[in-house]
Every structure is written in structure tokens, then in C-alpha cells.
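Q: I have a structure here, written as C-alpha cells, and I will follow up with some questions on it.
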Amino acid sequence: MTGLGQLLISAIVGVAGDRVIVALFLTMLTCIVLGMGVPTTANYIIMATTCAPILVNGMGINKIAANMFVFYFGIVADITPPVALAAYAGSAIAKSNPM
């Protein structure tokens, strides 16, 4: 409803032009930033609605490949500092210090 998805598509496709590798890199950064501190299911929903259309509509990449790409980098955001949500969840299970 905010138009964030369309804004991301036009910005990343505009910067990348016809270079798919640049679009993949910018989409990866977007997925990591948007996925920090979000649980897995919500993370995939956010990535599938905001970042996957960048690759499918803007770059013409296969839908399944685009969804797996954004899912992977959305989940990688859970282990990326400064939030590192998965480290806290793992330390709670192991009953240890997250650091």
C-alpha cells in the first residue's frame, strides 16, 4: 500500500540497466537490510512481495529462481550483524551466551 515494491523495482532496474549481476547484488543488499530482525515466515512474505518482482519483472529471471534467491538472502539477514537474530535464538536453545 505504500508503493515500496514499485519504488524498489524502478530504482534497482534503473541503476542496473541490462546488467543482471548488478541487479542481483542490489537486490541482495535490499533483502539483507529488509530482513534484519524479522522471523522466517514474515521475512519470506516481505521478500517475495518487495524484492522478487525486481528480478522477475525487471530482469526477466525465472520466478522460482527469484524467490529462492530472495528467500536465501532474507534468511542470511538473520545471521548478519548488527541484529543477528538467529544467534540469540540459537544461544537460547543451547543455554549459552550469544556472544
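Q: In the stretch 14-55, which residues are in contact (Cβ under 8 Å) with a residue 24 or more places away in the chain and among the hydroxyl-bearing types (Ser, Thr, Tyr)?
A: Hits for the stretch 14-55 are 27, 30, 40, 44, 49, 50.
Q: May I pose another question? Going by the conditions given, is residue 77 surrounded by fewer than 19 Cβ atoms within 10 Å (Cβ to Cβ), under 10 Å from the mean Cα position of the chain (by Cα) and among the small types (Gly, Ala, Ser)?
A: Judged against the criteria, residue 77 is not a match.
Q: Got at least one residue in the stretch 55-62 being open to solvent by less than 60 Å² (accessible area, probe 1.4 Å) and among the polar types (S, T, N, Q)?
A: No, because not a single residue in the stretch 55-62 is open to solvent by less than 60 Å² (accessible area, probe 1.4 Å) and among the polar types (S, T, N, Q).
One line per residue, one yes/no per condition, for (1) open to solvent by less than 30 Å² (accessible area, probe 1.4 Å); (2) modelled with pLDDT under 90; (3) in a helix (DSSP H, G or I):
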residue: 18; (1), (2), (3): no, yes, no
residue: 26; (1), (2), (3): no, no, yes
residue: 29; (1), (2), (3): no, no, yes
residue: 33; (1), (2), (3): no, yes, yes
residue: 45; (1), (2), (3): no, no, yes
residue: 72; (1), (2), (3): no, no, yes
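Q: Moving to a separate point now. Find the residue count for the stretch 56-67, including only residues that are in a helix (DSSP H, G or I) and either in contact (Cβ under 8 Å) with a residue 24 or more places away in the chain or under 10 Å from the mean Cα position of the chain (by Cα) (or both).
A: Here the count works out to 4.
Q: Which of the residues that make up the stretch 80-93 are in contact (Cβ under 8 Å) with a residue 24 or more places away in the chain and open to solvent by less than 40 Å² (accessible area, probe 1.4 Å)?
A: 80
Q: Could you list, ordered by first residue, the pairs with Cβ atoms under 7 Å in which the first is in the stretch 1-12 and open to solvent by 70 Å² or more (accessible area, probe 1.4 Å) and the second is assigned to a helix (DSSP H, G or I), at least 6 apart or interchain?
A: 4/50
The values are calculated or read from the model by the stated rules, or taken from the named source; none is laboratory data. Given the structure is predicted, the values throughout are model-derived calculations rather than measurements. As a convention, Cβ positions derive from the backbone with ideal geometry for all residues, glycine included, and neighbour counts pool all protein chains shown. SASA here: full protein model, heavy atoms, side chains in, ligands and nucleic acids out. Shrake-Rupley method; radii C 1.70, N 1.55, O 1.52, S 1.80 Å.
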